[in-house]
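A.B. asks: Attaching a single structure in structure tokens format; questions to follow.
The values are calculated or read from the model by the stated rules, or taken from the named source; none is laboratory data. Keep in mind it's a predicted model, so treat the numbers as computed, not measured. Glycine also receives a Cβ, built like all others from the backbone with ideal geometry; neighbour counts cover every protein chain displayed. Heads up: the accessible areas ignore ligands, DNA and RNA and are worked out on the full protein's heavy atoms, side chains in. Shrake-Rupley method; radii C 1.70, N 1.55, O 1.52, S 1.80 Å.
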Amino acid sequence: MEIKGSREWNFGVEEEEQGNTASAVTVRGVLNTLYQNIRKDDNNTPVDVVIPIGHGDPSNFPCFRTPPTAEDAVVNALRSANFNSYSYTNGLPSARKAIAEYLSQDLPNKLTVDDVFVTLGCIQAIEMIITALARPGANVLFPRPGFPYYEARAASSKLEVRHYDLIPEQGWEVDLQHVEALSDENTVAMVVINPGNPCGSVYNAQHLEKIAETARKLRFVVVADEVYAHICFGSTPFIPMGVYASIVPVLTLGSISKRLGVPGWRLGWIVTNDPDGILKKSGLTRKIINCLDISTDPVTFIQGAIPDMLQNTTKEYYSKIVAIVKEAAEICYSKIKNNPVIDCPHKPEGSMFVMVKLNVSLLADINDDLEFCLKLAQEESVIVMPGVALGMKNWLRITFAIEPSLLEDGLQRIEVFCHRHAKKQ
């Protein structure tokens, strides 16, 4: 049918929005750009083995194999035919109870079923929290460097973002003076990522307590991203932020993705650590439930598997994973020290990442971290996350949660690449 007239369609993207969508500032968006830069043959196949040390997905490597207890729990839940229905808004009561008991092992105030909201991975937990916190004029404090999905989600919710600094020379601790300078009467929350992504930091009890006291003084809630909980291999043990919930209310975000090596199972949670009922009285708990009412539920049979998964996975399995990550971190740190182009101000103690500073003044034809990563992908088939995507230009984030032999190969390729592009003396 011929349409007369020249009227434009009623939908489309404004010119100034082109290339500036939320996905452009997520880990996935940046990684997609880097992967597109890898050299391929006529069959669109990479010409070399691609070494992915830009993002934390250990599930692709045999040494991080999911424990049989978790796999059996899923199979049994599926075959029981008890978990084929829709879920509840907050998640299945059995899953919520199991998560509450699992997390309560490390807390002075025991959690109840009503404190737990099951989500479709931690990404959805972030979405729900940011959406619930958003209101006209509000602002939220995010760490720099940090996890860029927070910024992308806040932009979608029209929530103003303010970045507080982490101090590399002090183990990437929070600059609490900067937090105080940034906050005002419209600051609704502060996000704390511990163990640290992207820094590999683990905060001690004294620092966590100071964070809680600062948040109480400034009257905002602490959002504790603890996806890498217990993946610690330095001298500082993991302490959940919920330990300090008597000082300030804490919203804890977590998942089974990293500790069990199953990011594709998409099971996470929001937990209210709120012994004084502040979150409930303020209406924030109700708003979280309202957000979950209009969102997608986690797969029901994965929820049904959670009780057996958490109860039957052994301490030996968890210890083995931490030992593997520790060995890989040692390899990573020692290799980095031998490369003058990159510098690591703090040896990683937790999570699966390390932040390193890129000295572009030593490179002849590379001007910044993004150009470094694009050329590295093209020339060496190594994927590294540019720091600019995490809030710190001319830094790099490297993950060591891969097979040790591949990690060594990838770091060796980076060294060769740096030598190739070094300024001639």
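A.B. asks: Check Asn197, Asn204 and return the single one that is assigned by the TED database to the domain that holds Asn139, in contact with a Phe, Trp or Tyr (Cβ under 6 Å, 6 or more places away or on another chain) and under 29 Å from Ile53 (Cα atoms).
C.D. replies: Criteria check complete, one pass: Asn197.
A.B. asks: Can you report the number of residues in the stretch 270-288 which are part of a helix (DSSP H, G or I) and in contact with a helix residue (DSSP H, G or I) (Cβ under 9 Å, 6 or more places away or on another chain)?
C.D. replies: 8
A.B. asks: A further question on this structure: Would you call Phe142 open to solvent by less than 10 Å² (accessible area, probe 1.4 Å), out of contact with any His (no Cβ under 6 Å at 6 or more places or on another chain), modelled with pLDDT of 95 or more and not in a loop (DSSP other than H, G, I, E, B)?
C.D. replies: So Phe142 does not fit the description; no.
A.B. asks: Here is a list of conditions, (1) of a type in the set (Gly, Ala, Ser); (2) farther than 26 Å from Arg397 by Cβ; (3) modelled with pLDDT under 95, and Gly261 meets all of them except one; can you say which number that is?
C.D. replies: Here Gly261 clears every test but (2).
A.B. asks: Residues Leu292, Leu376, Leu370: which one is among the aliphatic types (A, V, I, L, M) and either in a loop (DSSP other than H, G, I, E, B) or surrounded by fewer than 19 Cβ atoms within 10 Å (Cβ to Cβ) (or both)?
C.D. replies: One residue alone meets the criteria, Leu370.
A.B. asks: Kindly establish whether Ile278 is outside the structural domain of Pro58 (by the TED database) and either surrounded by fewer than 15 Cβ atoms within 10 Å (Cβ to Cβ) or in contact (Cβ under 8 Å) with a residue 24 or more places away in the chain (or both).
C.D. replies: Yes: the conditions hold for Ile278.
A.B. asks: Ok, one more. Can you list residue pairs whose Cβ atoms sit under 9 Å apart, with the first residue in the stretch 73-85 being in the same structural domain as Ala98 (by the TED database) and touching a residue at least 24 places away in the same chain (Cβ under 8 Å) and the second being in a loop (DSSP other than H, G, I, E, B) and open to solvent by 70 Å² or more (accessible area, probe 1.4 Å)? Count only pairs 6 or more apart in sequence or on different chains.
C.D. replies: Leu78/Asn84
A.B. asks: Another question, if that's okay. Test each condition in (1) closer than 23 Å to Leu208 by Cβ; (2) open to solvent by 10 Å² or more (accessible area, probe 1.4 Å) for Lys287 and report the one that comes out false.
C.D. replies: Result: Lys287 fails condition (1) only.
A.B. asks: While we're on this one: Any idea which of Val341, Val325, Val354 is crowded, with 18+ Cβ neighbours inside 10 Å, farther than 30 Å from Pro62 by Cα and not assigned by the TED database to the domain that holds Gly121?
C.D. replies: Details: Val325 fails: farther than 30 Å from Pro62 by Cα; Val354 fails: farther than 30 Å from Pro62 by Cα.
Answer to the selection: Val341.
A.B. asks: Next question. With the structure loaded, tell me whether Ala215 is in a helix (DSSP H, G or I), modelled with pLDDT of 95 or more and either touching a strand residue (DSSP E or B) at 6+ places or on another chain (Cβ under 8 Å) or crowded, with 23+ Cβ neighbours inside 10 Å (or both) or whether it fails that test.
C.D. replies: Yes; evaluated as a whole, the condition is true for this residue.
A.B. asks: Of the residues Asp409, Asp365, which is outside any strand (DSSP E or B), of a type outside the set (A, V, I, L, M, F, W, C) and over 27 Å from Tyr228 (Cβ atoms)? Steps first, answer last, please.
C.D. replies: Values: Asp409 fails: over 27 Å from Tyr228 (Cβ atoms).
So the residue among Asp409, Asp365 that is outside any strand (DSSP E or B), of a type outside the set (A, V, I, L, M, F, W, C) and over 27 Å from Tyr228 (Cβ atoms) is Asp365.
A.B. asks: Same structure, new question: Evaluate the following for Val223: is it hydrophobic (A, V, I, L, M, F, W, C) and either open to solvent by less than 10 Å² (accessible area, probe 1.4 Å) or in a strand (DSSP E or B) (or both)? It would help to see each step written out before you state the result.
C.D. replies: Working: hydrophobic (A, V, I, L, M, F, W, C): yes; either open to solvent by less than 10 Å² (accessible area, probe 1.4 Å) or in a strand (DSSP E or B) (or both): yes.
For Val223, the condition - hydrophobic (A, V, I, L, M, F, W, C) and either open to solvent by less than 10 Å² (accessible area, probe 1.4 Å) or in a strand (DSSP E or B) (or both) - is met.
A.B. asks: Report yes if some residue within the stretch 119-130 is at positive phi and either hydroxyl-bearing (Ser, Thr, Tyr) or within 22 Å of the chain's Cα centre (by Cα) (or both); otherwise report no. I'd like the intermediate steps shown before the answer.
C.D. replies: So in the stretch 119-130, the residues at positive phi come out as 121.
Okay, now just the ones that are also either hydroxyl-bearing (Ser, Thr, Tyr) or within 22 Å of the chain's Cα centre (by Cα) (or both), so 121.
Yes, the conditions are met somewhere in the stretch 119-130.
A.B. asks: I want to confirm something. Restricting to the stretch 37-70 and keeping residues that are of a type in the set (Ser, Thr, Tyr) and part of a loop (DSSP other than H, G, I, E, B), which single residue is nearest to the chain's Cα centre (by Cα)?
C.D. replies: Thr66
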